[in-house]
1. What are the extents of the Cα atoms of the chain along their three principal axes, listed from largest to smallest and rounded to whole Å?
2. With +1 on each Lys and Arg Cβ and -1 on each Asp and Glu Cβ, and nothing else charged, work out how big the dipole of the stretch 3-241 is about its Cα centre, in Debye to the nearest 20.
3. Along the positive direction of the dipole of the chain (beta-carbon charges: Lys, Arg +1; Asp, Glu -1; about the Cα centre), which of Thr141, Gly189, Leu239 reaches farthest?
4. So which residue, out of Ile38, Ile86, Ile228, gets the largest mean-square fluctuation from a GNM of the chain using Cα contacts under 10 Å as springs?
5. So how tilted is helix 194-206 from the main axis of the chain? Cα-based, degrees 0 to 90, rounded to 10.
6. Just to confirm the number: angle between the C-alpha axis of helix 3-26 and the first principal axis of the chain, 0 to 90 degrees, nearest 10?
7. Using per-residue counts of other Cβ atoms within 10 Å, averaged over each peptide, order 115-128, 46-59 from highest down.
8. Computed FRET efficiency, Cβ-Cβ of Lys105 and Leu237, R0 30 Å: what is it to the nearest 0.05?
Amino acid sequence: MTPFIAEIIGTFLLILLGCGVNANVSLAKTYGSSSGWIVIATGWAIAVYVGVVVSAPYSGAHLNPAVSVGLAAAGKFSWGDVPLYIFAQFIGAMLGAFFVWLTHKDHFNATEDGSTKRGVFCNAPAIPNTPINLLNEIVGTFVLVFTVLYFSDAVITNTDTVIGLGSLGALPVAFLVWGIGLSLGGTTGYAINPARDLGPRIIHAIVPIKEKGSNGWGYSWIPVIGPILGGLAAASLFLVLQ
């Protein structure tokens, strides 16, 4: 498996299970309907775990343009590979969102509210406030990327044991995303990933959904720009502290 294919498959699994838990909780007449924020945050954490497990041996499991950009800015990844990774991530995110729509078509039809249907695919602020919404995406992604940089580099000095994705597997990233969701996710839905929001948002605009309402394009730049800025801020602080 090439890194390009691994990023497609990993991001596909991330979005299939992540937007899938959104659908299960939000749409009408599912067995998980209205089961709440804890289920959503846990589902996204497990989605990250699954995507990372499959793709990490081949691509490093970025699954997120903000992670790719942040790692490159920190000198941990080649800038030349960033466009290919981002392209793969968007392909995977769009495919994942498409299959969520396909598997939940009856439940989309049974749901009346258009914003609820859109929320399966992409984010919206709990309270619209552009500067604060942007700040929340920056801060959430900062925590993600800054911590991932230490997953990659932390060392127990006495034993020279590397504490990173190679030794601990995907669980640290899953717990990290779970924590971000529980602590910081309630304001904007914690996209913390441009491909996670924009890819499914494009699918929402394309697929036929009865009375789906607005695509929310006016907000769509925040889950793209915010995570990129957060990733760059994390890389900058990481370099300063070295």
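Every read-out reported here was derived from the displayed coordinates using simple, explicitly stated rules and does not represent laboratory data. This is a predicted model, so every value here is computed, not measured. All Cβ positions, glycine included, derive from the backbone under ideal geometry; neighbour counts span all protein chains shown.
1. Each principal axis gives a Cα extent; for the chain these are 58, 39, 33 Å.
2. Using Cβ point charges on Lys, Arg, Asp and Glu, the stretch 3-241 gives about 440 debye.
3. Positive-end residue among those listed: Gly189.
4. Ile38
5. Once rounded, the angle reads 20 degrees.
6. Helix 3-26 sits at roughly 40 degrees to that axis.
7. Ranking, from highest mean packing down: 46-59, 115-128.
8. 0.10
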